[in-house]
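Bear in mind that the values in this text are calculations on the coordinates, not laboratory data. Predicted model, so just to flag it, every value in this text is computed and none were measured. Here the Cβ positions follow ideal geometry from the backbone for every residue, glycine too, while neighbour counts run over all protein chains shown.
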Amino acid sequence: MLTPVLPMAALVEGDKTLIRVNTNAGVLEILVGMIEGRYFAVQARCSHAGQSLANGRIVGDEITCPRHGARFCVFSGACTGAPATQPIASFPVLLEAGKVCLNIEH
């Protein structure tokens, strides 16, 4: 299901924002942003300790958890640095009619 989450103009290069999306399974917290002209959307919680990634620092294509320093690729959700060992969910992004849309059920 394609879900519009915010206007494209709401994000500028290097920016990220936390959104909440209601689903049949409950509320999903998703971090949406743009790096090098590419939009990304990933689970907003670290897979290691459940810490919010909303205040995490992005360097290159990695976001660092502010609690223990685990790192994740913002495009794939892959775990790229300990102490986390599991990935975080990533969501396909589609730009449509000036809006950032996510495929929540992929």
For region 28-71, how many residues are assigned to a strand (DSSP E or B) and either more than 16 Å from G14 (Cα to Cα) or of a type in the set (A, V, I, L, M) (or both)?
16
Search region 85-97 for residues being part of a loop (DSSP other than H, G, I, E, B) and among the small types (G, A, S), and hand back the single one that is farthest from G37 (Cα to Cα).
A89
Condition set in contact with a Pro (Cβ under 8 Å, 6 or more places away or on another chain) and part of a strand (DSSP E or B), scope region 72-84, selection nearest to E29 (Cα to Cα): answer is F72
Taking the condition buried (at least 16 other Cβ atoms within 10 Å of the Cβ) and touching a residue at least 60 places away in the same chain (Cβ under 8 Å), does I19 pass?
no
For region 75-93, give me each residue that is out of contact with any Ser or Thr (no Cβ under 8 Å at 6 or more places or on another chain) and under 16 Å from I19 (Cα atoms).
A89, F91, P92, V93
Note down all Cβ pairs under 9 Å where the first residue falls in region 93-106 and is over 21 Å from V27 (Cβ atoms), the second is of a type in the set (D, E) and part of a loop (DSSP other than H, G, I, E, B), and they're at least six residues apart or on different chains.
none
